[in-house]
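Below: one structure, written as structure tokens.
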Amino acid sequence: MKKSIILTSLLILTSVSFANVNTNIKSLDIYKNKSFVTQELNILNTSSDLIGMVYLADIRFSVNGLCKIGDTNVSINNYSKDKLSIAIKNTKRELAFKRNEIKSVKNEINSLSSIKYEKDAVNLQNIKDVSSFIKKETINNYNLIYTYEEELRKLNEKLNDLSLKKHSDIYSKINYNITCEKDSTVRITYPISNVLVDNVYEINAKSKENKVEIKNSAFLLQSSGFDFENIDINLFSYYYENQLNPNTFIPLYLDEEKKRIFKRVANSKMSVVEDKEMMEVSMMNSSPARMKVRSKYKESATRAYFKASNVNLKSGVNNQVTFSNETYDTKNTIEIDAYSTAKAFYKVAFNSPKLYTSLNTKVYLDSAFVGKSYLKEIKKDKESYLYFSEDKFIDVKKELIKDMKEEPFFSMSKLKTEKLWKYTITNNHKIKKTISLVERVPVSKHEDIKVKLISKIKYTKKDANGKISYDFNLEANEKKIIEFGYEVEKPYKK
């Protein structure tokens, strides 16, 4: 009985409490294609454990103060001896044993079903007794298989949970010879492979307040086997390796056609220029006490990124970290894509003092979910606009009232085409709305082809690419009619 209690206590300790080695992780840098951790070395020791498989060439040193770094090497080990790794190994062994037990019981069932009765060796009563025994044992064995399969399912769930906490048994150790003056620190940065990131924007337009809220958050799951306490997370919405130089200039010769090949120049090592501010981020001290998560928007020499401080990332736990949550004033309009579907879409225009790069986005209007999209880049200090689905309270009716095909006129020297539409727009809202009807006029690239706009009202804006808009206000339940069309004249060729 005493042995059973001790064994049970050890199993509980193994599956619940994991005394991880303190790797002293200070920050996590997340790019679109790679992630890195920054770890502070104990300069009083001569070695430290690293997360996962790390090579010396991948390690970057940063020193704060006066230090001398001597001989350094990294060794890779195939098995970790911490309690979490032991628990994973023991669970895998239990799974193998349970599968063997199931296989053994199935073999016994097959053996029972293969028993044959020799006609002269047994009487009828013996046959009945043997049949009853086989039936009873077979039922017991099937019930045993059911029990074992339930235990197998629970063991698989346990292994999955443990594997989320630690993805791999492989770990590395860095050996070093470092001498430093007082109050100096040495940190190393190296790649980490067991971090899953789902970075999304959540954008909510508030129609009554004329505001838009942009939330930049990430769902993070790290399975290193170590809990990260009070770390800084730098979230970069671009790739770690980028093109450093512009494409090679190639002259354009009109008398020959040559295939131009553009070579992408990339550095296989560090290709993102780190400025002073970035170095300061990696050398910041963090308090061991748990503090409130703080978020900041940062700009380097060429890029922008978001930073969250005082973040706790427990191994195997999916964490949502908010990097930015800002609200901006907006100018709201209803835009009708008359050139296409002739539907009314809710449009929000605003200016952002921050740069938001392209990212998957969840879109809300007055806190109600309206859809998902891939947000285009929002430029800093420039007007940007977003759409928030169709406005069902704006009724748009489009009618083609004239459609004259190519017909000759003026002594058969030219061909004329004419199209004319009638738009009836009704505001079924209880308040006034600003409407923008967008159409398009064909653009002539030849001096002999003439395009003439047909419209009784003056347009608000007309671009060189033929995009033309009519902006107006509609009171509640008000209706407006717009006729729009164009004529095209071109030479008639027989």
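Only the coordinates and a few stated rules stand behind these numbers; no lab work does. Quick caveat, the model's predicted, so the values are computed rather than measured. Please note: Cβ atoms are built from the backbone with ideal geometry, for glycine as well, and neighbour counts cover all protein chains shown.
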By the C-alpha gyration tensor axes a ≥ b ≥ c (rounded if a/c is under 1.5, else prolate when a/b exceeds b/c, else oblate), the shape of region 394-491 is prolate
Taking a cut-off of 19 Å, what percent of all Cα-Cα pairs in region 366-436 are separated by more than that?
66 percent
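Multiply the residue gap between residue 207 and residue 89 by 0.36 nm, knock off their C-alpha separation, and tell me the result in nm, one decimal place.
Gain on stretching residue 207 to residue 89: 36.9 nm.
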Using a Cα distance threshold of under 16 Å, what count of lysine pairs results for region 83-165 when pairs must be 8 or more residues apart or interchain?
19
Using bins 5 angstrom wide from zero, how does P(r) for region 342-391 break down, in % of all Cα pairs?
5, 18, 25, 26, 18, 6, 1
Setting aside same-chain residues fewer than 8 positions from residue 206, which lysines have a Cα under 16 Å from its Cα?
215, 331, 347, 362, 433
FRET efficiency, 1/(1 + (r/R0)^6) with R0 25 Å, evaluated for residue 460 and residue 376 via beta carbons:
0.55
Isotropic mean projected area of the C-alpha convex hull, region 83-165 (nm²):
6.1 nm²
Taking 333, 426, 341 and counting other C-beta atoms within 10 Å, the order from fewest to most:
341, 426, 333
Unit charges on C-beta of K, R, D, E only; dipole of region 83-165, Debye
440 debye
